Amino acid sequence: MTTQFDDFCAQLPFRKGKKAVAKREIVRLYQRAITDAVDVWGELRDLSISEDETTTKLEGSEITTNLRDYLAKKQKYRCCYCQRYLYNIAHAKPIEHILPRHSFPRFSLTMKNLAVACYDCNLKKSKTVWWSGINPAGAYPVESQLTSAFHCNHHSYNDHISWMSYATNDFAFRAYGGITAAGKKLCIDLLHDVSKAEILLSRNDGLREVLDDLKAMNESGLGGDSVRDFVNTLQGFILASTEAN
């Protein structure tokens with residue numbers, strides 16, 4: 001796999017035996033994804049290895065939680081797309097699959113394809129593929145294949161996007177500008193709408209509080225699929241309402 005993968009496995013806060021089991025399972029799932037062209041992300045999240053005489057119980061949620069922390073630290077705790085601080089956002093910080101799992105299942109556990117986004121950017125991007133001509137059955141694309149759109153693990157953010165923020169007691173505003181063609185595409189496809197949604201929510205504290213509470217409930221697993229679907233629908237409606245403005 002990659003050096004980044006080895007670094008991640010090395011920093012897992014597990015004892016030696018449990019760390020070895022975690023690495024073994026990640027390698028197994030990675031190889032299954034590449035060989036069989038299947039999305040293994042759900043299998044990783046649902047992973048459960050029982051305790052035995054050599055190690056304690058291992059849950060997939062432990063791995064994904066530590067992976068989220070590892071990626072967030074690498075990104076200096078900013079969303080890979082909008083650059084808002086992740087720890088200033090109360091709701092979920094999902095792991096983002098840059099080439100979506102829906103279209104590129106082989107890369108569902110490829111470290112180059114993983115980042116951490118804020119809830120808004122992750123939901124807005126959804127299953128969108130920003131690059132054309134990439135073979136889902138081939139190797140992970142190199143930088144020369146990714147020039148048409150911003151890729152946070154291949155491109156330097158400040159080389160492609162400029163941004164500024166302004167806030168008062170009751171109003172927040174963040175503006176984005178594309179420096180390159182790839183940066184302009186990110187602004188058009190995602191950042192301008194996320195920025196307008198932030199302005200809308202900053203003008204309605206009640207709506208923001210309700211939405212943040214629901215997102216926190218969703219992140220904790222309370223309410224199950226019904227809460228998740230409702231939150232996604234509501235957030236999607238807010239983002240969609242900005243497109244008409």
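The values are calculated or read from the model by the stated rules, or taken from the named source; none is laboratory data. Quick caveat: nothing in here was measured; it's all calculated off a predicted structure. Because the Cβ atoms are built from the backbone with ideal geometry, glycine has one as well, and the counts that use them run over all protein chains shown. In case anyone asks, the SASA skips ligands and DNA or RNA and just uses the protein heavy atoms, side chains included. Shrake-Rupley method; radii C 1.70, N 1.55, O 1.52, S 1.80 Å.
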Taking M164, M111 and ranking on accessible area (1.4 Å, protein atoms only), highest first, one gets M164, M111
Filtered hits (lysines, Cα-Cα < 25 Å from K125, offset >= 8 within chain) -> K73, K74, K76, K93, K112, K184, K185, K196, K215
Taking a crude spin-label model, label points 7 Å out from Cα along the C-beta direction, the S132 to I49 distance in nm is 4.4
Distance in nm between T35 and S148 label points, each 7 Å along Cα→Cβ, equals 3.3
Env charge @ K73, Cβ radius under 14 Å, K,R +1 / D,E -1, value +3
Residues other than L99 with Cβ under 12 Å of its Cβ, Lys/Arg counted +1 and Asp/Glu -1, net out at +3
With 0.36 nm assigned to each residue of separation and the Cα-Cα distance removed, S156 to K16 gains 46.9 nm
Checking rank on 29-38, 189-198, with mean other Cβ inside 10 Å and highest first, the result is 189-198, 29-38
The alpha-carbon center of segment 1-68 and that of segment 125-162 are separated, in whole Å, by 26
